[in-house]
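What follows is a short report on a single structure.
The values are calculated or read from the model by the stated rules, or taken from the named source; none is laboratory data. On a predicted model such as this, the values are computed, not experimentally measured, just so you know. With ideal geometry, Cβ positions are generated from the backbone for all residues, glycine too; neighbour counts draw on all protein chains shown. For the accessible areas, the whole protein counts, side chains as well, though only heavy atoms, and no ligand, DNA or RNA atoms are used. Shrake-Rupley method; radii C 1.70, N 1.55, O 1.52, S 1.80 Å.
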Amino acid sequence: MPRWKRGAYLMSDQKNSGAAVKAALLANVGVACAKFAAAAFTGSSSMFSESVHSVADCANELVLMVGDKASDHKSRGDHPFGLHRVKYLASFIVATLLFFVGGVFAVSQAAGKLGALIEGTASRDANSVELIAALVVVGVSACLEGYGLHTSVHEARGRMKRVKVEDDSLIGFWRRTKSAELASVMMEDTLALIGLAFAGLGIGLSIVTGDELYDAIGGMLVGLVLVCGSAALAFKSGSLLVGESLDPSTRAMVVKAVEDTAGVDRLINMQAIHMDEDSVLLCLKVETSKLDRDFDVQTVDKIETNIRTAMPWYIWEIYVEPDIWRAQH
C-alpha cells in the first residue's frame, strides 16, 4: 500500500479515536455538576464521594487529551523515536495521582463522617426527602455513565476489528489493548458505575432505615473503589510505559510476512515494541539465501514492503539485520 494511502487510512481512524474520551468528558461535566448540587442540598456522604469521583474523572479526560495532543508533536532530535509515549505517561499520571488522590480524599471524608456518627457527635437521623433527591441524581448519573461506557465499548470493538485482533471479552481487550486513553476511559466508566451502585445502595438503605450510617458507609465504599481502580490502571499504564510487545495474532502475521519473503531462508529472531497504539518498533534478524550485500539489501526492502502491505494499520519503524543462523547447544 502506498505511503499516502497508509496515512489516509490511519488519519480516518484517528478522527474517531478520541470519541470515547470526549464522550466521557461531556458526560462527567454534567454528572459532576448534578452530584455537587445534590451533595450540597442533602449533605449525603455518598453523594459527596461521588462528586469527588466525577471531578477526578473530568481531570482525567483533560490530562488524556493533553497527552494525546503532545504525542503528535514532532521531536527536535532529543527523542529519536518521537513523543508517542507521552500518551502512556498521561495515563500513568491519571492512575497514580488523580484516581488515587481522589479516592483517598473521598475515603477520608467518609471516614470522618462515619466516625462522628458512631461516636454520636453527629445526628444519625436521615432526611428521607433529601436523600430521595440524591437517589434520583444517582440514577441519572448512572444513565450518563452507561452512555460513556457504551461509547468506549463500541470503540474497543471497532479497534479490535481494525487491527485484525480476534474478538475478546472486555476484560481481555482491556488487558491486551495498547491504547492508553481507551484503557483509562473504560476503567473510569466501569468504576463510576460500580461506585454509583454502592452510593445508591447506601442512600437507599438510609432512606429505608432512617439511619445516616449507611450513607456514610456507601461514601466509604465509593472511595475504596477509586483506590482499587487506580492500582489496576497504574499496573496497565505502567506496563505500556515500560513497553509491551505485539499481540500474538499480530506477531504471527509479522512472522508469516517475513518468512514468505523471497530470499529469506529463516527468521532468526524478532523483537517488537509498541511506541503507541499505532506505532511499532520492529527489529529482525534473518538468514538470507545468499551472502551478498546487494542481494541482502533487496531482501530487506522486500521484507519491509511485505510487512507494511500486510498490516497497513500500523506505522512501522523496521530494522533488519541479515545474519547466519547458529543452532543453540
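Points to keep in mind about this one:
- Helices (runs of 4 or more DSSP H) lying entirely in the stretch 212-329 (those with 1 or more residues that are more than 30 Å from Val104 (Cβ to Cβ)): 248-259, 293-310
- Considering the stretch 76-114, the residues that are hydroxyl-bearing (Ser, Thr, Tyr) and open to solvent by less than 40 Å² (accessible area, probe 1.4 Å) include one that is nearest to Asp278 (Cα to Cα), namely Tyr88.
- Note on the stretch 231-263: among residues that are of a type in the set (Val, Ile, Thr) and open to solvent by 20 Å² or more (accessible area, probe 1.4 Å), the one that is farthest from the chain's Cα centre (by Cα) is Val255.
- Per-region count, the stretch 297-311, residues touching a residue at least 60 places away in the same chain (Cβ under 8 Å) and open to solvent by 30 Å² or more (accessible area, probe 1.4 Å): 2
- Selection within the stretch 140-176: residues that are open to solvent by 10 Å² or more (accessible area, probe 1.4 Å) and among the polar types (S, T, N, Q). The member of this set that is nearest to Val21 (Cα to Cα) is Thr151.
- Flag not set for Leu117, criterion: within 18 Å of Gly195 (Cβ to Cβ) and buried (at least 18 other Cβ atoms within 10 Å of the Cβ).
- Residue identified as out of contact with any strand residue (DSSP E or B) (no Cβ under 7 Å at 6 or more places or on another chain) and touching a residue at least 60 places away in the same chain (Cβ under 8 Å) among Thr250, Thr261: Thr250
- Pairs, first closer than 30 Å to His274 by Cβ and open to solvent by 30 Å² or more (accessible area, probe 1.4 Å) in the stretch 44-71, second part of a helix (DSSP H, G or I) and not hydrophobic (A, V, I, L, M, F, W, C), C-beta under 7 Å, six or more apart: Asp68/Lys87; Asp68/Glu181
- For the stretch 198-217, the set of residues classified as out of contact with any Gly (no Cβ under 7 Å at 6 or more places or on another chain), surrounded by fewer than 23 Cβ atoms within 10 Å (Cβ to Cβ) and touching a residue at least 24 places away in the same chain (Cβ under 8 Å) consists of Gly200, Gly204, Ile207, Thr209, Gly210, Asp211, Leu213, listed by residue number.
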